[in-house]
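A.B. asks: Take a look at this one; I'll ask things after.
The values are calculated or read from the model by the stated rules, or taken from the named source; none is laboratory data. The model shown is predicted, which means the values in this text are computed figures rather than measured ones. Note: ideal-geometry Cβ built from the backbone for every residue, glycine included; neighbour counts use all protein chains shown. Surface accessibility is based on the protein's heavy atoms, side chains included, excluding ligands, DNA and RNA. Shrake-Rupley method; radii C 1.70, N 1.55, O 1.52, S 1.80 Å.
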Amino acid sequence: MPHFTLQISPAGPVVKALLTVSQARRAALSAAGLPVPANQSITALVDTGASCTSVDPSIIAALALQPTGIASVITPSTGATPHQTSQYDVGLAIPGATARDAALFFPTIAVIGAQLLQAQGFHALIGRDILDRCVLVYNGVTKLFTLAY
């Protein structure tokens with residue numbers, strides 16, 4: 001099973017990732033002879049408290065994404081009242097530990113836009129929608145985390 005082990009940073013379990021337009025969007029743009037937005041290198045916090053993956057609006061804008069739906073989100077700041085936010089289809093890759101290791105790759109996955117992520121030092125939260133397909137070991141004693149997929 002491919003995996004990687006990284007140091008837990010002061011911000012928590014952070015990974016480097018690549019965000020792209022979704023597979024369908026790439027095909028549609030190419031078929032229309034339109035340019036495909038450049039892939040975006042991002043820093044993402046692994047967040048077991050997030051039910052879905054969230055992306056900073058600056059990355060959504062850089063990929064020229066259009067909403068594909070609306071999601072209801074409950075956060076500590078919204079309390080029991082759901083907050084409506086736009087949902088976007090993206091491609092996401094988290095590189096393996098070495099060049100020979102397969103990346104954790106999703107050609108299309110729905111994410112939501114979330115303000116204030118970049119101000120906290122990362123561009124995205126990796127939520128349980130992705131973690132549900134992985135094994136996560138968080139070792140606070142050694143300050144290491146492992147993600148196996």
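A.B. asks: Please go through (1) modelled with pLDDT under 95; (2) of a type in the set (Ser, Thr, Tyr); (3) touching a helix residue (DSSP H, G or I) at 6+ places or on another chain (Cβ under 8 Å) for THR53 and return the number of the only condition it doesn't satisfy.
C.D. replies: Among (1) modelled with pLDDT under 95; (2) of a type in the set (Ser, Thr, Tyr); (3) touching a helix residue (DSSP H, G or I) at 6+ places or on another chain (Cβ under 8 Å), the lone unmet condition for THR53 is (1).
One line per residue, one yes/no per condition, for (1) among the β-branched types (Val, Ile, Thr); (2) open to solvent by 20 Å² or more (accessible area, probe 1.4 Å); (3) touching a residue at least 40 places away in the same chain (Cβ under 8 Å); (4) closer than 15 Å to GLY127 by Cβ:
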| residue | (1), (2), (3), (4) |
| --- | --- |
| ALA24 | no, yes, yes, no |
| GLY79 | no, yes, no, no |
| VAL90 | yes, no, yes, yes |
| PRO95 | no, yes, yes, no |
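A.B. asks: Restricting the search to segment 1-17, which residues are open to solvent by 30 Å² or more (accessible area, probe 1.4 Å) and either touching an Asp or Glu at 6+ places or on another chain (Cβ under 6 Å) or under 17 Å from ASP47 (Cα atoms) (or both)?
C.D. replies: PRO2, THR5, LEU6, GLN7, SER9, PRO10, ALA11, VAL14, LYS16
A.B. asks: Only residues in segment 45-66 that are free of Cβ contacts under 8 Å to residues at least 60 places away in the same chain and in a strand (DSSP E or B) count as the first member; pair them with residues that are open to solvent by 40 Å² or more (accessible area, probe 1.4 Å) and among the aliphatic types (A, V, I, L, M), Cβ under 6 angstrom, at least 6 apart or cross-chain, and list the lot.
C.D. replies: Correct list of pairs: empty, since none qualify.
A.B. asks: Is it the case that segment 124-136 has a residue that's modelled with pLDDT under 95, surrounded by fewer than 20 Cβ atoms within 10 Å (Cβ to Cβ) and basic (Lys, Arg)?
C.D. replies: If we filter segment 124-136 for residues that are modelled with pLDDT under 95, which is where we start, we get none.
Checking segment 124-136: not a single residue is modelled with pLDDT under 95, surrounded by fewer than 20 Cβ atoms within 10 Å (Cβ to Cβ) and basic (Lys, Arg).
A.B. asks: Go through segment 1-22 and give me each residue that's in a strand (DSSP E or B), under 16 Å from the mean Cα position of the chain (by Cα), of a type outside the set (A, V, I, L, M, F, W, C) and within 14 Å of PHE122 (Cβ to Cβ). Please lay out each step first, then the result.
C.D. replies: Narrowing segment 1-22 to residues in a strand (DSSP E or B): 3-7, 9, 12, 14-21.
Subset that is under 16 Å from the mean Cα position of the chain (by Cα): 12, 14-21.
Going one step further and asking which of them are of a type outside the set (A, V, I, L, M, F, W, C), we end up with 12, 16, 20.
Residues satisfying the conditions are GLY12, LYS16.
A.B. asks: Within segment 94-149, can you find the residues that are touching a Cys at 6+ places or on another chain (Cβ under 8 Å) and assigned to a strand (DSSP E or B)?
C.D. replies: Kept after step one, since they are touching a Cys at 6+ places or on another chain (Cβ under 8 Å), are these residues of segment 94-149: 104, 110-112, 127-129, 147-149.
Result: LEU104, ALA110, VAL111, ILE112, LEU147, ALA148.
A.B. asks: So, in segment 26-60, of the ones that are closer than 16 Å to PHE122 by Cα and open to solvent by 70 Å² or more (accessible area, probe 1.4 Å), which residue ends up nearest to the chain's Cα centre (by Cα)?
C.D. replies: For segment 26-60, the residue satisfying everything is SER41.
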